[in-house]
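Novice: Structure provided below as structure tokens; questions to follow.
The values are calculated or read from the model by the stated rules, or taken from the named source; none is laboratory data. Predicted model only: the values in this text are computed from it and were never measured. Note that each Cβ is placed from the backbone with ideal geometry, even for glycine, and that neighbours are counted across all protein chains shown. These area figures cover heavy atoms from the full protein model, side chains too; ligands, DNA and RNA do not enter into them. Shrake-Rupley method; radii C 1.70, N 1.55, O 1.52, S 1.80 Å.
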Amino acid sequence: MTGIPEQLAAALAAERLAVLGGFHPGPDDGLPAGTGTLLMLGPNAAGFWDHFRTQPEFADDVPDPLDRWSARVIGRIAEECGGTALFPFGGPPFLPFIGWALRTGRAWQSPVGLLVHDEAGLMVSWRGALALPRRLELPAPGAKPCDSCAARPCIGACPANALHEGGYDVPLCHAHLATPEGESCMTGGCLVRRACPVSRRHDRPAAQSAFHMRAFHR
């Protein structure tokens with residue numbers, strides 16, 4: 001991304017994190033006073049899972065290993081660059097990460113309601129954000145991939161019809177995951193997310209998807 005300081009870019013790359021968008025906040029964005037730029041961070045598809053598996057949080061048998069890793073790593077990076085680390089977990093209350101993601105111009109509501117990202121598709125996830133005092137140069141907003149997706153395979157991809165154009169029936173989703181028919185979602189990831197053509201270019205290892213599904217369906 002344009003304008004990222006070299007030291008920050010190197011620190012993120014070392015932890016296999018990517019900048020998934022950013023914006024210059026206004027007074028109503030709920031950010032720390034003096035924030036010039038907010039950068040939204042998520043896993044870099046290339047190498048993130050292999051990297052995370054080597055981290056102490058992955059093997060210490062304490063709950064929420066990825067959240068704890070994110071807090072430690074992004075917190076350290078924020079301190080090193082003079083910023084503030086913000087996270088989508090740890091509430092209630094929860095920070096407005098969905099609204100912030102939409103503000104970046106690189107994420108939109110998909111036909112099934114989940115956020116879709118210009119590069120990560122429906123596999124997008126945000127591990128945290130950096131509120132930086134400097135106003136960094138940011139690229140122009142991306143293009144919503146759904147606008148050029150004629151097939152829209154995400155619609156109707158849920159075998160339980162829990163995720164569709166009308167919304168997301170979370171109890172129905174959990175009920176399906178508890179059945180033998182839900183094993184494909186549990187071991188390989190949500191079929192709706194996997195159906196997105198952009199998601200396929202940002203594919204995750206099956207073990208990574210299974211890790212997230214176990215965290216969701218616990």
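Novice: Give the relative contact order (percent, whole number) for the stretch 95-192; include only Cα pairs under 8 Å separated by 6+ residues.
Specialist: The normalised contact order for the stretch 95-192 reaches 25 percent.
Novice: Sequence gap at least 6, Cα distance under 8 Å: using those rules, report the relative contact order of the stretch 1-70 to the nearest whole percent.
Specialist: 27 percent
Novice: Using only alpha carbon positions, build the gyration tensor of the stretch 1-106, then give the equivalent ellipsoid semi-axes as the square roots of 5 times its eigenvalues, largest first, whole angstrom. Numbers along the way, then the final one.
Specialist: Numbers: eigenvalues 110, 59, 32 Å².
In descending order, the three semi-axes are 23, 17, 13 Å.
Novice: May I pose another question? Per-residue counts of other Cβ atoms within 10 Å, averaged by peptide: what ranking do you get for 17-24, 112-119, highest first?
Specialist: Per-residue mean Cβ counts within 10 Å order the peptides as 17-24, 112-119.
Novice: Rolling a 1.4 Å sphere over the protein heavy atoms, what is the accessible area per residue of the chain, to the nearest Å²?
Specialist: Values: 10830 Å² over 218 residues.
Result: 50 Å² of accessible area for each residue.
Novice: Let me ask something else about it. Residue by residue, what Karplus-based ³J(HN,Hα) values in Hz, rounded to whole numbers, does the stretch 52-61 have, using 6.51, -1.76 and 1.60 with θ = phi - 60° and x for Gly and Pro?
Specialist: So the J values, rounded to whole Hz, are 4, 5, 8, 7, x, 5, 5, 10, 8, 6.
Novice: In whole percent, and with a 1.4 Å probe on the protein chains, what portion of the accessible area of the stretch 1-142 is carbon and sulfur?
Specialist: 54 percent
Novice: Tell me, what % of the accessible area of the stretch 156-199 is carbon and sulfur with a 1.4 angstrom probe?
Specialist: 58 percent
Novice: Can you match Rg/Rh (Cα atoms, Kirkwood Rh) to one of these, (i) 1.06; (ii) 0.96; (iii) 1.17, based on a calculation from the structure here?
Specialist: (ii)
Novice: Amide H to amide H under 5 Å from PHE23: which residues, 5+ apart in sequence or cross-chain, H placed 1.01 Å off N in plane?
Specialist: LEU38
Novice: Let me know the charge dipole size of the stretch 4-74 about its Cα centre in debye, to the nearest 20, where only the beta-carbon of Lys, Arg (+1) and Asp, Glu (-1) is charged. Intermediate values should be presented prior to the final figure.
Specialist: On the way: 4 positive and 10 negative charges, 35 e Å.
The dipole magnitude comes to about 160 debye.
Novice: Between ASP29 and ARG214, what length comes free when the chain is fully extended (0.36 nm per residue of separation minus the Cα-Cα distance, one decimal in nm)?
Specialist: That works out to 63.4 nm of additional length.
Novice: Restricting to Cα pairs below 8 Å that are 6+ residues apart, what does the relative contact order work out to for the chain? Please round to a whole percent.
Specialist: Dividing the mean separation by the residue count of the chain yields 22 percent.
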